Amino acid sequence: MQPPPPPPPQPPQPPQPLELSVVVPVYDEEDVLELFAARLRAALDPLGEPYEVVVVDDGSRDATPRLLEALRAGWPQLRVVRLRRNCGHQAALTAGLDRSRGAWVASIDADLQDPPELVPVMLTAARREGVDVVYGVRDDRTSDTWFKRRTAGLYYGLMRREAGADVPADAGDFRLLSRRVVDELAALPERHRVYRLLVPWLGHPSTVVAYRRDERAAGTSKYPLARMVRLGTDSLTSFSARPLRVATWCGVLGSLVCLLAMLTAVGAHLSGATVPGWASTFVAVLFVGAVQLLCLGLLGEYVGRLYAEAQHRPPYLVASDTADERRPTRPASWQR
């Protein structure tokens, strides 16, 4: 009696599409990384949906890479993208968004000032209200210093007035985006990006989820005053030409002051009230020189941005990505 033929081989099952990607830029976060991973996983596992956590190591110099490898051993959804060098927070965020694969993409920092438990809340709000963007808005910033609260208020007020975009107040880089928004961001040609302005500029329907901003759980801030000033400068020069107009008006004002000084000097000479002195000349030279330097500095800021864009250098360079070569198919919810 002949044995029954073996069953035909089953075709390989397609990988399950990812519904959620969480992008986490990190730089020297060894003190807080394990605590952050524990809280984030506790928030995502109960969802019962396929997800990935894309941690972008922005050239960390401490034990962050080693800790990420240890976390990957027990967390299959964790994916590590390592950059060749430190490229900055916005560039690391760009790398994570570009390489994310989920139908929805959340971005969050690892310092635990933004609670990971709100990511499922954002996902629920996006689906319930049918929006493409969910902003995490800080309704309580008592953990910040008075100086930081004041400068943040000035920043968001200035951006809403000058950038021409509906920028939510006190909304940082903690947000949830649909795949359509992520693809549109990836298609933009500019390299120096400020996502807290770019995302509102796209004009997609959005909603907000309010939360209390906590103190950093461990480690030190990676956004000192110099980087905050740089972020404000990039935000303003990326979305408004008003600084150039300010330079123009400074030039006009300087010319009027100089004209008034000339008329005063001529009148004093004709009336015979002139006395030799250096104070007026000294003040005039200083004023005109200051106005000229201000105008040149503002002009140089824009020329520098044009030069950087003309170089076409990538904003980041990836050293490695732990993702499997097989890419999951896009779910139907991407076509929204």
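The values are calculated or read from the model by the stated rules, or taken from the named source; none is laboratory data. Quick caveat: nothing in here was measured; it's all calculated off a predicted structure. Don't worry about glycine lacking a Cβ; one is built from the backbone with ideal geometry, like all the others, and counts go over all protein chains shown. Accessible surface is based on the protein model in full, side chains and every heavy atom, while ligands, DNA and RNA are left aside. Shrake-Rupley method; radii C 1.70, N 1.55, O 1.52, S 1.80 Å.
Show the residues, 5+ positions off or on another chain, whose built amide H is closer than 5 Å to the amide H of Ala63.
Glu30
Sort Leu44, Leu67, Leu35 by accessible area with a 1.4 Å probe, largest first.
Ranking Leu44, Leu67, Leu35 by accessible area, largest first, yields Leu35, Leu67, Leu44.
Hey, can you grab everything whose amide H is under 5 Å from the amide H of Val208? Only 5+ residues off in sequence or another chain; H modelled, so Pro and N-termini drop out.
Tyr135
Positive end of the charge dipole of the range 100-141 (Lys, Arg +1 and Asp, Glu -1 on Cβ, about the Cα centre): tell me which of Val137, Ala125, Ser107 has its Cα farthest that way.
Farthest towards the positive pole: Ala125.
Please list, ordered by chain and number, the residues whose modelled amide H lies under 5 Å from the amide H of Val22; skip anything fewer than 5 residues away on the same chain.
Amide H to amide H, under 5 Å and 5 or more residues apart or across chains, Val22 pairs with Glu52, Val53, Val54, Ala106.
Ser100: net charge of surrounding residues, Cβ under 11 Å, Lys/Arg +1, Asp/Glu -1, itself excluded?
Counting the neighbours of Ser100, the net charge comes to +1.
Keeping the other protein chains in place, figure out the carbon and sulfur percent of the accessible area of the range 20-135, with a 1.4 Å probe.
48
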